[in-house]
Amino acid sequence: MPELVFFSGTMDCGKSTLALQIEHNRSARGLQGMIFTRDDRAGEGKLSSRLGLVTEAIEAGEGFDFYAHLVRHLSSGGRADYVIADEAQFLEPGQIDQLARIVDDLGLDVFAFGITTDFRTKLFPGSQRLVELADRIEVLQVEALCWCGARATHNARTVGGEMVVEGAQVVVGDVNRPESEVGYEVLCRRHHQRRMNAAAARAATLSPDVLPVDPPAAPVAPAAARPAAGRAVVPPPGSAPDPRPTP
């Protein structure tokens, strides 16, 4: 049975690499796929991986109709055995409905790849609709790592090296960008909540692992051990007298 499968994960976890691998494996068996993408890091009409792999793709911009495009292609004698849609988080909910219709009406497998949440930890509309409609959701097992070494689960946006939590939902960028540019970084939930990216951690004076507790108060001597104001302190027998004047 054909399926709509959503492969999800953070940035830098190998989603586009897997998309290219699926295309390679199926084409090696004589199958022909139709590949779509949107706002890829390599430019318009490209599906690229950070490993340096790249292939041509159809740019699915705003208002693009996946279902109508496939129907025209097949009606004109073209062939399509499956569909790959990368950067699916940028798609409109209606476009996700079109992908589901391709599965149900045309009998083709559709493999969608995308980030689930944005830099504010809010669901992308396209990803939300995929969660609602997909026959199967696969969380990629290649774990991206936070700077602290823990599993990265959240995407952070940086401007000038500093993490930001406000702004437009879609700003095309990438990880490992110069600090002067808009970039992205993957973090564990703990450091995303604390807004502590790698640059902030390097600048911190305390380890992020130090618990946020108040320092202990200085001990106060018991009242009986403190001399009363205006009274002389009598040294114990056999001790040297205190040369300081008595207040």
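For region 19-28, what are the residues that are buried (at least 19 other Cβ atoms within 10 Å of the Cβ) and over 21 Å from Gly107 (Cα atoms)?
Result: Leu20, single match.
Collect the residues in region 118-149 that are modelled with pLDDT of 90 or more and in a strand (DSSP E or B), keeping them in residue-number order.
Leu123, Arg136, Ile137, Glu138
Test each condition in (1) among the aliphatic types (A, V, I, L, M); (2) open to solvent by less than 50 Å² (accessible area, probe 1.4 Å); (3) touching a residue at least 40 places away in the same chain (Cβ under 8 Å); (4) over 24 Å from Leu123 (Cα atoms) for Ala68 and report the one that comes out false.
(3) is the only condition that Ala68 fails.
Quick check on my filter: what residues within region 137-167 are touching a His at 6+ places or on another chain (Cβ under 7 Å) and either among the hydroxyl-bearing types (Ser, Thr, Tyr) or closer than 22 Å to Ala88 by Cα (or both)?
Selection gives His154, Ala156.
So, in region 180-199, exactly how many residues are open to solvent by 30 Å² or more (accessible area, probe 1.4 Å), hydrophobic (A, V, I, L, M, F, W, C), at pLDDT 85 or above and not in a loop (DSSP other than H, G, I, E, B)?
Number satisfying all stated conditions: 0.
Let me confirm something: among Leu31, Leu74, Leu51, Leu47, which residue is open to solvent by 20 Å² or more (accessible area, probe 1.4 Å), modelled with pLDDT under 90 and either among the aliphatic types (A, V, I, L, M) or within 23 Å of the chain's Cα centre (by Cα) (or both)?
Being open to solvent by 20 Å² or more (accessible area, probe 1.4 Å), modelled with pLDDT under 90 and either among the aliphatic types (A, V, I, L, M) or within 23 Å of the chain's Cα centre (by Cα) (or both) holds for just one of Leu31, Leu74, Leu51, Leu47, which is Leu51.
What number of residues within region 81-90 satisfy the criterion of being open to solvent by less than 10 Å² (accessible area, probe 1.4 Å) and out of contact with any Ser or Thr (no Cβ under 8 Å at 6 or more places or on another chain)?
Matching residues across region 81-90 total 3.
Would you pick out the residues in region 99-155 that are among the polar types (S, T, N, Q) and either over 25 Å from His192 (Cα atoms) or in contact with a Gly (Cβ under 6 Å, 6 or more places away or on another chain) (or both)?
Residue satisfying the conditions is Ser127 alone.
Do the conditions hold for Arg177, that is, is it open to solvent by 40 Å² or more (accessible area, probe 1.4 Å) and modelled with pLDDT of 85 or more?
So Arg177 does not fit the description; no.
Got a number for residues in region 99-158 being open to solvent by 60 Å² or more (accessible area, probe 1.4 Å) and of a type in the set (Val, Ile, Thr)?
Qualifying residue count for the region: 4.
Report yes if some residue within region 82-91 is more than 29 Å from Gly183 (Cα to Cα) and either hydrophobic (A, V, I, L, M, F, W, C) or outside any strand (DSSP E or B) (or both); otherwise report no. Reasoning before the result, please.
Within region 82-91, the first condition is being more than 29 Å from Gly183 (Cα to Cα), and the residues that meet it are 82-83.
Narrowing the set further to residues that are either hydrophobic (A, V, I, L, M, F, W, C) or outside any strand (DSSP E or B) (or both) leaves 83.
There is at least one residue in region 82-91 that is more than 29 Å from Gly183 (Cα to Cα) and either hydrophobic (A, V, I, L, M, F, W, C) or outside any strand (DSSP E or B) (or both).
Taking Ser16 as meeting all but one of (1) in contact with a strand residue (DSSP E or B) (Cβ under 7 Å, 6 or more places away or on another chain); (2) open to solvent by 20 Å² or more (accessible area, probe 1.4 Å); (3) assigned to a helix (DSSP H, G or I), write down the number of the exception.
Just one mismatch for Ser16, condition (2).
If I ask for residues that are aliphatic (A, V, I, L, M) and part of a helix (DSSP H, G or I), which ones from region 93-117 would you list? First the steps, then the outcome.
Looking only at region 93-117, we keep the residues that are aliphatic (A, V, I, L, M), and these are 96, 99-100, 102-103, 106, 108, 110, 112, 115.
Passing the criteria: Ile96, Leu99, Ala100, Ile102, Val103, Leu106.
Say whether the condition of being hydroxyl-bearing (Ser, Thr, Tyr) and part of a loop (DSSP other than H, G, I, E, B) is met by at least one residue in region 69-76.
Among the residues of region 69-76, at least one is hydroxyl-bearing (Ser, Thr, Tyr) and part of a loop (DSSP other than H, G, I, E, B), which makes the answer yes.
The values are calculated or read from the model by the stated rules, or taken from the named source; none is laboratory data. Given the structure is predicted, the values throughout are model-derived calculations rather than measurements. When we count neighbours, we look across all protein chains shown, and the Cβ atoms used for this are built from the backbone with ideal geometry, even at glycine. The protein model used for the area step is the full one, side chains on, heavy atoms only, and it has no ligands, DNA or RNA in it. Shrake-Rupley method; radii C 1.70, N 1.55, O 1.52, S 1.80 Å.
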